[in-house]
Each structure stands twice: as C-alpha cells, then as structure tokens.
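Let me begin by presenting the structure, written as structure tokens, before commenting on it.
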Amino acid sequence: MARMKFLCDAERCIECNACTTACKNEHEVPWGMQRRRVVTINDGVPGERSISVACMHCNDAPCIAVCPVDCIYQTDIGVVLHSKDVCIGCGYCYYACPFGAPQYPQASNFGSRGKMDKCTFCAGGPEENNSEAEYLKYGRNRIAEGKLPLCAEVCSTRSLLAGDGDMIAEIYRERVLRRGFGSGAWGWNTAYYGSLAEE
Amino acid sequence: MLKKCASGFIRRQGLSAQFAAAGESVGRRGFLRNSGLAFGGAGALAALPLQLVKKAEAANPAVAEGEIVRRKTICPFCAVGCSIWAEVQNGAWIGQEPVFESPVNMGTHCAKGAATRELAIGHRRLKYPTKLQGGQWQRISWEQAIDEIGDRLLKIREKAGPDSVYWLGSAKGSNEMGYLQRKLAAFWGTNNTDDQARICHSTTVAGVANTFGYGAMTNGLNDLQRSKFLMIIGGNPAEAHPVAMLHLLHAKEANGAKLVVVDPRFTRTAAHADEYVRIRSGTDVAFTWGLLWHVFENGWEDKEFIRQRVWGMDEIRKEVANWPPDEVERVTGVPPDQMRRVIQTMVENEPASVIWCMGVTQHHIGSSNTRALCTLQLALGNAGQSGGGTAIFRGHDNIQGLTDLGALSHSLPAYYGLEEGAWQHWARVWDIEYDWLLSRFASKKLMETKGIPVSRWYDGVLEAEENIDQPHNIRAMVFWGHAPNSQTRQPDLKKALETLDTLVIIDPVPTLTAVLGNRTDNTYLLPAGTTMEYAGSVTNTSRMVQWREKVIEPMFEAKTDYEILYLFARKFGFADRMFKNIAVENDEPIAEDITREFNRGSWTIGYTGQSPERLKAHMRYQHLFDSTTTRAESGPVKGDFYGLPWPCWGTPEMRHPGTPVLYDTSKPVADGGLCFRARWGVERGGVSLLADGTAPVGSEIKDGYPEFTMALLQRLGWDEDLTPQERQTIEQIGADLGSVGAVNWKTDLSGGIQRVAILHGCAPFGNGKARSYAWNYPDPVPLHREPLYTPRRDLLPKYRTYDDRHDFRLPVLYWSIQSQDFSDRFPLILTSGRLVEFEGGGDETRANVWLAELQQQMFAEVNPREAEANYIENGDMIWIYGPDGARIRVQALVTRRVGPGVVFMPFHFGGYWQGENLGDRYPEGTVPYVLGEATNTVQTYGYDIFTQMQESKVTLCRIERA
C-alpha cells in the first residue's frame, strides 16, 4: 500500500504561489484561509530559500495525539484527515503541529463555525467520497478520482512533489545526485522520521 | 497582514444559501455544476437584478447532472503560454486541470495561471454597459452605447479629423483581435493606435531586428534546456515568468548550466543563481562593453563566425576599448574581478544564452541596450544556435503576437511599415481599393506618418496644437484592453483624461482609467468577455502560436471583443468592406476566417503557414511533441515544431514545420533552419553586407545572397518551378507594381517565391550578415548615456543624453531635462518591477479574489541605510516624492534586496491617488479587492530615441516617513 507524502525541494521553490492559488481554486477556500502557503527565509539576501508548507500528513502525527475529541485520523494511505462535525475548535492541534497547518476561520461559513481546517491531501473527509457534504466541508476529493493533490500537480518548477513516499523520495534522490548536494527536502525528517532521525 | 474581505463571505453565504434552498442531495458533479452557477447567482445577489444573469437562465438548476466538457485554453497572463484544461458543465466553468501533455508548461502553473478560472467567473467584473452622467454611473443598453459612442466619435472625426480619435488596442487579445484592432484604425483613417508592445519590448524589437533581422526571441523557452550558461539581465522570471524557471532550472540541474543574474535588485531569481551581479540602473551598455572588453583583450571572440556572418564588429571594438574594468566599475558599480569571472565563465560554458526583460528595455537608450547584448552574442558566436541566442521574455500572453500583427502606431500588421507599398499590399489582402483607404485619412502624409505612441498619448491631448504634427489634439480615447497605470507621468495622464471630450473603456473590468480622472460625463464602460470567452490564436514568447478554445459564453451582459468591434464597424458604415472575406455569425466575426486573412498577408514573418486547422491539430496532439526539441516524432503532426514558431514559411499546404531557433544554419530552411536576414541591402561603403561563405545546410547557393524577388528567381532560372497559378498571381501583382520582377517574397500573395526559394534550400529573406553597427540609429554603435534623471552628475559631460528632437508627431525632450539637476533634492534611484501574483496594471488580477489575498498592500523596498537615515521602520507608511512634484503613500519594506540608494516598487497597483482612496468612484460591485498607489504616479519623463519606450526603470525620488 502506498504511503502518501509531500516533499518540497527548497532548491527549486521560487515562491510563485501556484500551490496556494491552485488549492484555493480547487477547494474554494475562502479569503483569509490558506491551507498551503509559501514561506521565505533569508528574504532578500543571499541564501534566500522558499518552502511551500501545508499539513505534511506526518507519521505519528502529533495533532492526532493531542486532539481531545479524537476527530483527527489517518487513512490507510497515510493521509491525516479530520471530522469537522466532531471538531470543537480548541486549537490544541495548532500548538502541536510542527508546520502550523491547522487554520481556524474566525467567523466564516466554510464548514462549521470555528472548525479547524487544513490540507486534506485533496482527499476530502469522512463523508462519502465526492458527495456534496464532503465538498462543502473539505473541498474536492481528487484522490478518490485517481488524481494527486493539485498543488503539486501544477508546481511551476516541480519543487513540490506529492505522492507515494518511496517514489517521490526516489525522484528527489536522483535530483540530489545530479546536483551533487541536497539539503532541500525541508520538513521531511520532522514529518516522517520522528525525533530520532533529527539527531 | 491578512484582512477580512466581507464580500468574499457574502459570496459563500449565497452559495450555501442556494443549496439550502435546493434542499436535496446532489451528486458531486451536480454539485459542482451548481457551484459554478452560484458564481453567476452570487454576482446577481451582490449587485444586480437577477434577470441580468443570463447564464443562470441558460442552465436549469433543477438538472442534477450534465456532461462535463473539457476545453483547452491558454493561460491569459504572461507570455510563457501555459495550457489549461477547463472543465465546463452546462455552460458553467467548474474546474481547472493541468495539461501535462503541453510541451511548454507540462502541467505547471504559477499563482496566476492556477487562478485563471476566477478571472472569468469573478463577480467584480463589469456586468453591463454603463455611462457616467452627472458624476453617476448609469446602466445603458448595448444599442444605446454603440449609438451614442459612435455618434460622438463620428462627430469628432468630422470636426477635428480621424487623428483626433485614439484607438488604444491591447496585447491581451487574440492575434485575430489585435489584427482587427489595427485594421479598424486603418479603416477609421488614423495611425493613432498602439498597444502594450510599445512599453514592453519595443526597444527589443527595434534593436534586435536591426541587428539580426527579426525582432523576437531567437530561441524558444524549451531550447534554454540546452544552454550551458544563462545570463539574465534586467529580468526576474521567478516572478514574471515562473514557468520559464522550469526550463532554466532544468538547464542548471541536468545540463550543469551556470546561472548569472545581473540586476539592481537581488530578485527571487537571483536567489537561485550561481552568481549575482548588482548593477546600477541604466548602465547596461557599459556593463556589456565591460564584458566584451575582456573578450577582445583575451582574443575570446569567435573570429570565423564574425568573418562569415557579422558586419561592423571593428566599430564595436573601438568603442569597447573605452571600457576598461576601472571605468566599468566607475559607471556600473560592478567590481573588476566579478566582471572578469562572469565573462570567463560565459566563454568557458558555451552555448550561452542571454535573457532579458524590461530592466533592459525600459530606458531612453533601451534600443542601444538590446543591440549591445546582441553584439555580445555575435562576438562570442552564440547567436544562431541551439542553446545560445538572445532569449527575450515577452510580458503579456499575446504580446509577441500583437507585436507581430496588432495595433501599433508605426506599422501595419507583420512589420510592413506605413509606406505606400505597405498600404497597397494590405489593400490587396483586404480586397479593397487603396484609394478608398486613402480617402479615409486626413492626408496621404498622415497615412504614412507614425502615430502617437501609447507611452505619450496624453501629450497628444495636452501638447500645444502647433507643436503636434497632426491637425488637432486627441479628443477621444478608446481604451480597449489597456491599463493606464502602466504609463509614467500619471499626473499628466490624469489631466489628459480630464481634458478628453469622450472616453470609452472596453474591458472585462472597469480599470483604473474609469476612475482616475475627475470626469462627470461622456465616459463609457463596455463589458468585454475575457479571452477565455472567445476562440483565437495566441503567440507566446517562443514565437509558438497556440489555439485557444472558447471556454464559456461571455458572462453577464458582456460581449466578445470580436462582436463589439463588428458593431462599431457597422455603426461607422464600413463593416461590409472590413469583413468582406470574413464570415460574421450573429454579429460575431468568425475567428478562423480572421486567421486565414492574416495568413494570406503576413509573408514578412511567416505567419502564413499557421492555418487554424494546423494550430488546432497541434493543440490536439500536444502529447506527440518532445519537450526539449519541441518536435513531433510521429502522428499527424510529425515533423512539425510545436506551435509552428514563426517564420512558418509559405502556405499552410507547404507544411513548413516552423522555425524553433532563428538563424540556425545547421538545419535546412525547409526543416526550420535559417541564416541572418539580408535586410539592409547588399553592400555599404563598398563592403558586402551578405554572408561570406556560409549558408544553411542544403542550400544550393553556398554563399550570401540578397532577398528573393521574381527577378532573382528569373536570373537563377528557378522561376520554372513556379506553378501556373503562382505565376499568374505574381504577374497580377506585378502589373500593379509596374514590373513582374519587382514582386518579392513579401508581396507575392501566392507564396510561390517563398516556396521555390526554400525548394532550393534558400531563405526567402536572403542570406546576409548580422549588423553590430546600425547606421540608421542616432548611435550606430550603442553608447552608454546616463538616464535623464541621473544621480551621477559627475558622469554627465562624458555620458550625456541626446539633444531634444521631434518624433512620432511630438516634441521629445532629452537634454533639456537632463541638464537640470534633481539629484540633490531627490537623491535615491527609483526603479520598478513585477510581482508574481499580479500582472500589468493589475486591474484584473487585483479583482481576482485568490490572487488579491496574497498581496494586499502596495509597498516600496527600501534599503536599511535609507530607512535608518529617514527614521523609517519596516511596515511604516512613507511618502515617496518624485522630481515632477507628485508623491505617493506606500508601506515601507526595509530590505537588503535593494542596494543602498535604491528604492523599488511594483507597478501593478492603482486606485489611490497621492494618498486619496478612489474606491468609491468605481461602478457598484466592481471595485478591485486590492487598491494601492501606482508607482508611475512618481515615475518621470524619458523616451527611447527610436521607439518612444518610456524610461520607467530608472528615475529619482526622495522618501519621508508619513
């Protein structure tokens, strides 16, 4: 069984924000909420790097561990989803998340009031696949249609990769070999190997 | 920084409310159909009576399912030309999918491309025709609009002559639309028409064409993958052409190419470069000669290439000798060791490509800058080969096509110029009498005189009548797809807007034009469909022509550009003549017929082989084209290069594959090869201008030769190869011209001369040398001249500008401005550029909810040194004062991205005027989500000596805490 992952190659990200607007376009994410955003470090000086950040769908996801109402779960392909019906909007997952992925609409009509919202890996939510209820609460379910997350599909420089973890790791490994260096898979260790790998 | 946008939420409410009302479960597709409808519906809820939304009526919400149709269109933003799959259900655009098979973008997009759908379905668009009456916007019908506007324009034409109406066209329409706009101006009887090409790359077109023969990007984007060295000067593709970075990074990673970025600003592109060179704005010629100094000093030039294919390099050598490393450093600020390192890397890594954008072109010596860079490539022998050449990234999605075919004040379509022969040629193509055309103009002289350029239309309104070379000032402006804030000197522009008798704006959005001037009457807003709402061809920066399918019917009461133009032509009484060979259905001219018409006339640049059928086949079989070579290896399009990059010689039936790399002699002409164009005669001063001992592979003439005429064919005995039909056409035109021998490859409407030349392996335009010395220029050898508003008075006696002159019907100031010293009161250099989220004047993109959210604040980048000196902290509001007395209030972004002494601002903002918010002047429901000050409010005078390009990349300013 495939294990879905994201990988952002910081050597390639040019902060074009295609991932951000593609996500908005696909899921009709309202103003003020960004399931995916691009973060730039060392802005304007040599060493500037940009990274596209969203929920990484971690192994051993800390959000699942801290949720007091158990609304967050991981699917068989490793995607971390949640139920907006159960969510109480407490914000614990936001504090636990190493990537700042969970968002809280303050007074929007997207989903229910104050419910947490985040990247779904374009895999919808607990409702029936491709149902109206699923779309209204979580956006489109591309995975159920046999497609990958749109943010990665449209990434201008193929910096953002999404798909089976082994396959995208192999694509990245080949790039690193060609370039002769590789420090760019930002967040990969945190999300998928846990604290041991960081050491 | 994120601010809440109330109307965004209102829209969602409308959306969920509609579902609550429907009260029944629908399948996913049914839902999506409804959600597409809800956009129309929500637009109506926000601002309109429901009956306006005709799309909602067309699709019945009770139908839960409907077939989903996929239509392929081309991204409407930059010139990369990315393909998009649009999913349409029951007439509503419900989704957007990547086109992985496109060899141009391979499925990728930037922020704008990924947000294309909102451009069409966004409900801040103009919804119905409106006029300003007593300071209030009032809804009117289309009939009333066309009648009233038509009557007003005809009255002006009668009283002040046809030149008093200015037809400002667009580079955002299709080739067909831009071509029709030029034709409309011709039929109206004026050359006062122009489009964005003037202020984007006109200096490139003029400079490069005067060096190589054609003024376009020599190689394609895909070909950059084969480069070993890439120098980007005055360009920031990471923000302006993000998908081009796909190819650039491929070259860097897979090909080991070195990437050098030369810019006053450490751009997002520079962050990915191997070397970043900080250059002072406006010193590109000095920089280029500084590189060449090392080349000549070390004998690194390609001597054989120069001997065979370049004319005038010795003159360059003399000028370059004046640019030793210390002088280059004094002028440009680039240290000698860095100059040496850059050029040595370039020489050691060939083929090398030079890439530039508006950082090079938007200067009063822009056409010198572009010639200097071409000369660098000629000296190194990089021109005319795969992986080399000059990669000129064009701006708008169809600016290449509408440089080639569109509304320009100095030429008829396809660079034919304005001389009598050009008019005769197009009269033959249009199948009308030349004398009738002539009768439309105020005089034969004005018919053959360049019109006022867009960069200076307001001078055409404000300048004293005795100083203008036309009977009267401009009294009416028709803005047809053009933003005003892309032009400098906004205070003058505003005054001109207020002076005009009649102002007409035809656009999907109201644009800043509608609100900038304090007008109360005689201002009309006509809602045009976006380019996703009609079919047509577009040409990307690689000269590839792609066909756009119509995705949806025009939203709201909008009409397609084609229909609006037809309605005006009918009102003016020349529709029958103008559309003589173009079918019109329901008042809308058919795109394919327009394509066929310019196919029949555009021989100069080979826009003749790209029939609608061939273009559509390319879109259908995109997957068959290789993403590096861009050639199809199999299938019905086998052998073609993607998009039939021009020149695609001869008739469509000849099936020329297009020319992916210009001047590449390693391929036969029939296979996309070329030589340099013999454009300037055969000899000058007793020295041959023709190529010396070189020709494209397979040529039967192994040496240089002049351009092909019937006389040349006869002399060679090749006229025997003409078919009887071709010969007959040539003889008919010959009778017109007074001599059959005078018919040439540009005027032969049969395409026979081109076909026979290519049959014998020859290029129809001759086999000449490239020119590094252009004697028709004020500076035949490009010279460095300080910007008009220079901070370096110490360089002035040596590098001063030109004397004032008169051109394009207007006085043009140079020395009378530069002689004044502003640098003491305005000590900082001000430059401008793009952001990835917005485009052009930003009227459309700032009204796109997904894009607007990402950049909500107009800002200025200020170096920490100036910030500290002026007590400014990051995020403070500041005033920026320009030397002409205007000022703007923007947020300070304190960053080392700009060097000390430099201020940078993006040019996409509008809607504030010197601190005042103009938001309440927009018609109801059409104000963009984001407003801001326009940088061009404080940008100043300065125009290129050859093309009237504005000098918006360098002026002076002063900053102050607000």
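The values are calculated or read from the model by the stated rules, or taken from the named source; none is laboratory data. These numbers come from a predicted model, not from an experiment. We place every Cβ from the backbone using ideal geometry, glycine too, and count neighbours over all the protein chains shown.
Worth a mention:
- Looking only at residues in region B:108-139 that are surrounded by fewer than 20 Cβ atoms within 10 Å (Cβ to Cβ) and without any contact (Cβ under 8 Å) to a residue 60 or more places away in the chain, the one that is nearest to the other protein chains (Cβ to nearest Cβ) is B:R139.
- Filter pass, B:G235 being part of a loop (DSSP other than H, G, I, E, B) and either within 14 Å of chain A (Cβ to nearest Cβ) or modelled with pLDDT under 95 (or both): yes
- Exactly one residue out of B:P811, B:P797, B:P787 is farther than 30 Å from B:G122 by Cβ, part of a loop (DSSP other than H, G, I, E, B) and away from every other protein chain (no Cβ under 14 Å): that is B:P787.
- Subset of region A:11-29 that is within 19 Å of A:A185 (Cβ to Cβ) and more than 7 Å from every other protein chain (Cβ to nearest Cβ) - its residue that is modelled with the lowest pLDDT: A:E11
- Condition check for B:Q144: in the same structural domain as B:P413 (by TED's automatic domain parsing), surrounded by fewer than 23 Cβ atoms within 10 Å (Cβ to Cβ) and in a strand (DSSP E or B): no
- On inspection, B:H241 qualifies as buried (at least 24 other Cβ atoms within 10 Å of the Cβ) and under 17 Å from the mean Cα position of the chain (by Cα).
- Output for region B:244-269, where each listed residue is farther than 16 Å from A:D9 by Cβ, in a helix (DSSP H, G or I) and more than 24 Å from the chain's Cα centre (by Cα): B:A251
- Residue match in region A:145-152 (condition: of a type outside the set (S, T, Y), surrounded by fewer than 21 Cβ atoms within 10 Å (Cβ to Cβ), under 17 Å from the mean Cα position of the chain (by Cα) and within 25 Å of B:A111 (Cα to Cα)): yes
- Within region B:815-838, the presence of at least one residue that is buried (at least 21 other Cβ atoms within 10 Å of the Cβ), within 14 Å of chain A (Cβ to nearest Cβ), closer than 18 Å to B:Q950 by Cβ and in contact with a strand residue (DSSP E or B) (Cβ under 9 Å, 6 or more places away or on another chain) is confirmed.
- When each of B:W426, B:W430 is tested for being in contact with a strand residue (DSSP E or B) (Cβ under 8 Å, 6 or more places away or on another chain) and within 28 Å of B:L180 (Cβ to Cβ), the lone residue that passes is B:W426.
- Whenever a residue of region B:339-355 is over 20 Å from B:D263 (Cβ atoms) and of a type in the set (S, T, Y), it has no partner that is modelled with pLDDT under 95 and surrounded by 23 or more Cβ atoms within 10 Å (Cβ to Cβ) lying with C-beta atoms less than 6 angstrom away and at least six residues away or across chains.
- Of all the criteria given as (1) aliphatic (A, V, I, L, M); (2) touching a Gly at 6+ places or on another chain (Cβ under 7 Å); (3) in the same structural domain as B:D404 (by TED's automatic domain parsing), the one not satisfied by B:V104 is (3).
- Within region B:751-775, residues that are under 19 Å from B:L722 (Cβ atoms) and not assigned by TED's automatic domain parsing to the domain that holds B:P668 have Cβ atoms under 6 Å from residues that are part of a loop (DSSP other than H, G, I, E, B) and of a type in the set (S, T, N, Q) in no pair, counting only partners at least 6 apart in sequence or on another chain.
- Restricting attention to region A:153-168 and to residues that are away from chain B (no Cβ under 11 Å) and of a type in the set (A, V, I, L, M, F, W, C), the residue that is surrounded by the fewest Cβ atoms within 10 Å (Cβ to Cβ) turns out to be A:M167.
- Residue selection: B:G150 satisfies the criterion of being more than 30 Å from B:C374 (Cα to Cα), small (G, A, S) and modelled with pLDDT of 95 or more.
- Which listed residue is buried (at least 17 other Cβ atoms within 10 Å of the Cβ), farther than 30 Å from B:A273 by Cα and away from chain B (no Cβ under 14 Å), from A:A54, A:A96, A:A101: A:A101
- In region A:1-25, of all residues being out of contact with any Asp or Glu (no Cβ under 7 Å at 6 or more places or on another chain) and assigned to a loop (DSSP other than H, G, I, E, B), the one that is surrounded by the most Cβ atoms within 10 Å (Cβ to Cβ) corresponds to A:C16.
- Residue within region B:582-604 that is modelled with pLDDT of 95 or more, closer than 16 Å to B:G401 by Cβ and assigned to a loop (DSSP other than H, G, I, E, B) present: yes
- The helices (runs of 4 or more DSSP H) found entirely in region A:59-154 that carry 1 or more residues being over 16 Å from A:R36 (Cα atoms) are A:62-66, A:92-96, A:132-138.
- For first residues located in region B:850-879 and more than 14 Å from chain A (Cβ to nearest Cβ) and over 16 Å from B:T831 (Cα atoms), partners that are of a type in the set (S, T, N, Q) and surrounded by fewer than 21 Cβ atoms within 10 Å (Cβ to Cβ) and lie 6+ apart or on another chain with Cβ distances below 6 Å form the pairs B:Q857/B:Q891; B:M877/B:Q891.
- Residue ID - farthest from the other protein chains (Cβ to nearest Cβ), chosen from residues in region B:89-107 that are assigned to a strand (DSSP E or B) and not small (G, A, S): B:Q89
- Close pairs (9 angstrom Cβ cut-off, 6 or more residues apart or separate chains): assigned by TED's automatic domain parsing to the domain that holds B:W142 in region B:560-588, of a type in the set (S, T, N, Q) and surrounded by 21 or more Cβ atoms within 10 Å (Cβ to Cβ) anywhere: B:D561/B:S170; B:D561/B:S174; B:D561/B:Q181; B:D561/B:T531; B:Y562/B:S174; B:L565/B:Q181; B:E588/B:T560
- Failed criterion for B:Q424 (all others in (1) more than 22 Å from B:D944 (Cβ to Cβ); (2) of a type outside the set (S, T, Y); (3) in a loop (DSSP other than H, G, I, E, B) hold): (3)
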